[in-house]
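No lab work stands behind these numbers, since they all come straight from the coordinates. Everything numeric here is computed off the predicted structure, so don't read it as measured data. Using ideal geometry, Cβ is built from the backbone for each residue, glycine included, and neighbour counts are taken over all protein chains shown.
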Amino acid sequence: MNVKGIIFLTGKSTIISVFGEEPWNAFIVKLAEKDKFYSNTIWSVTPVPLDKFILFLDEMVKEFFQNDMMQYVTFGKVAAQFALSQEGPYKSYLLTKDTKLFVETVVPKLWSTYFDEGQVTAVLDNNTIHAKVTGIQFKHMYFEKLLMGYFKKALKIFGKKSVAKQVRGISSGHSDIYFQFQIQDS
């Protein structure tokens, strides 16, 4: 499974904007010492093997966030803000104004925009969104926390407040990830 380099670049720009370029440069040198993959230039379309990407995220959490794994939720929110903002590369995903169409068509596209394995299905039932990720082999809490943050922020950018609940997860032994997002009055 590969991740598109756009996620790496989002992390890079966020770290630089919060901590500065010098700490980022020092971090990336240390990361390249651990894995030579990071001595290469990573473009937005560069396929980053998932194990290398998870190494990047885990090391970033250690270096900048005192090993607080809940930062994966924040990473997801930042990624959605970056990608779906008016200046973002995927702002066109927000052109639809129909909530059901957004949930059932756009949310699955968001997954395939970033990953080349697995799939997302999303269904809007009354005011509850049922989102499932299936077909992934790599088991890491990153998916669960990052996806929860990303989808929650994407819904907010779309104009819907929600309360997220994780029903199942691969890091706890399930074969899929299943979230429910209860849409709240805006």
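Annotations for the structure displayed:
- Amide N proximity, the stretch 1-34 versus E117 label position 7 Å along Cα-to-Cβ, cut-off under 14 Å: 1-4
- Summed residue charge, Cβ within 15 Å of K62's Cβ, Lys/Arg positive, Asp/Glu negative: -4
- Between helix 141-158 and the chain there is an angle of about 60 degrees, using the helix long axis and the longest principal axis of the Cα atoms.
- Going from the residue with the fewest nearby Cβ atoms within 10 Å to the one with the most, W43, W24 rank W43, W24.
- Cα gyration tensor shape of the stretch 81-153, rounded if a/c is under 1.5, else prolate or oblate by comparing a/b with b/c: oblate
- Cα-centre dipole for the stretch 2-68 with unit charges at Cβ (Lys and Arg positive, Asp and Glu negative), debye to 20: 220 debye
- According to the Cα-based calculation, Rg over Rh for the stretch 2-68 is 0.93, with Rh computed by the Kirkwood formula.
- Contour excess over end-to-end distance, with Cα ends at Q184 and E21 and 0.36 nm allotted per residue: 54.8 nm
- What you get for the chain, charging only the Cβ of Lys and Arg (+1) and of Asp and Glu (-1), is a dipole of about 440 debye around the Cα centre.
- When every Cα-Cα distance of the chain is counted in 10 angstrom steps from zero, the calculated P(r) takes the values 9, 37, 36, 15, 2, 0 percent.
- Pairs from the table (K30/K145; K34/K139; K12/K156; K34/K165; K62/K97) lying more than 32 angstrom apart at Cα are K34/K165; K62/K97.
- Dipole of the stretch 84-186 [Lys/Arg +1, Asp/Glu -1 at C-beta], most positive-end residue of L84, I136, I177: L84
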